[in-house]
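The values are calculated or read from the model by the stated rules, or taken from the named source; none is laboratory data. Source: prediction; values computed, not measured. Using ideal geometry, Cβ is built from the backbone for each residue, glycine included, and neighbour counts are taken over all protein chains shown. These accessible areas exclude ligands, DNA and RNA; they are computed on the full protein's heavy atoms, side chains included. Shrake-Rupley method; radii C 1.70, N 1.55, O 1.52, S 1.80 Å.
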Amino acid sequence: MARNPNERGGGDRGDRGNRGRDRDRRDDRDDEFKDKLVHINRVAKVVKGGRRFAFAALVVVGDGKGRVGFGTGKAREVPEAIRKATEQAKRTMIRVPLREGRTLHHDIRGHFGAGRVVLRAAPSGTGIIAGGPMRAVFETMGVQDVVGKCTGTTNPYNMVKATFDALEHSFSPRQVAARRGKKVSEIIGRRDGGHGAAQAAAAGAGRE
């Protein structure tokens with residue numbers, strides 16, 4: 001039995017329409033992420049005919065709502081290296097709990113190799129006090145107030161990895177309460193009480 005060419009054409013048009021809708025949904029997902037190029041490195045390989053150049057890119061990707069990831073990519077051209085790094089960053093994203101959607105819940109430390117970082121929660125209006133690669137991570141993650149300090153290496157790869165090591169150890173009061181079998185109010189009350197005691201001690205030292 002011969003197939004009606006009109007039916008075949010309609011099916012092809014339907015498939016093309018589905019592919020178009022899938023592409024639109026994929027573009028919408030990509031639009032919700034913002035990425036920052038942290039570092040680009042050019043490497044040369046000496047071969048028989050001369051030197052062959054390649055590029056390595058370090059990219060940080062986040063959605064501005066607590067999700068962030070980083071990736072690296074190598075290619076003969078810069079745009080291709082950035083594309084590879086961006087795709088890897090989107091596949092390895094982590095979610096970091098934020099306090100009031102603007103800062104961390106508590107102070108944390110992280111390290112990778114010779115890199116050591118200290119991240120501190122900050123009051124509203126502080127802004128992002130961090131340099132270089134750490135600032136890129138916080139901006140893409142959506143943090144508005146934070147203080148970060150890196151000691152040791154200035155290698156951007158180690159700095160970014162040390163920052164992510166610290167962020168992976170960031171927990172919200174709800175997560176801590178569930179792990180300890182306590183109520184969230186107990187965890188928050190203890191944190192606020194300790195903060196108040198520290199402020200009182202500082203005020204007393206100032207009067208002396």
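Summed over the range 99-144, the residues that are touching a residue at least 40 places away in the same chain (Cβ under 8 Å) and either open to solvent by less than 20 Å² (accessible area, probe 1.4 Å) or under 18 Å from Phe33 (Cα atoms) (or both) give a count of 18. Flag: Lys65 matches the condition of being open to solvent by 100 Å² or more (accessible area, probe 1.4 Å), within 20 Å of the chain's Cα centre (by Cα) and at pLDDT 85 or above. The residue of the range 72-107 that is modelled with the lowest pLDDT, among those that are among the hydroxyl-bearing types (Ser, Thr, Tyr) and part of a strand (DSSP E or B), is Thr103.
For the range 165-180, how many residues are closer than 21 Å to Gly71 by Cα and either surrounded by fewer than 20 Cβ atoms within 10 Å (Cβ to Cβ) or modelled with pLDDT under 80 (or both)?
Matching residues across the range 165-180 total 3.
Under the condition of being touching a residue at least 40 places away in the same chain (Cβ under 8 Å) and β-branched (Val, Ile, Thr), the residues counted in the range 35-72 number 6. Within the range 132-164, being farther than 19 Å from His105 by Cβ and outside any helix (DSSP H, G or I) holds for Gly132, Cys150, Thr151, Gly152, Thr153, Thr154, Asn155. Taking first residues from the range 80-97 that are within 20 Å of Asp165 (Cα to Cα) and polar (S, T, N, Q) and partners that are assigned to a strand (DSSP E or B) and open to solvent by 30 Å² or more (accessible area, probe 1.4 Å), the Cβ contacts under 8 Å between residues at least 6 apart in sequence or on separate chains come to Thr86/Asp35; Gln88/Thr72; Thr92/Phe70.
Yes/no matrix, rows are residues, columns are (1) aliphatic (A, V, I, L, M); (2) under 26 Å from Gly148 (Cα atoms):
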| site | (1), (2) |
| --- | --- |
| Lys36 | no, yes |
| Arg42 | no, no |
| Leu58 | yes, yes |
| Gly62 | no, yes |
| Lys84 | no, no |
| Glu87 | no, no |
| Met93 | yes, yes |
| His106 | no, yes |
| Leu119 | yes, yes |
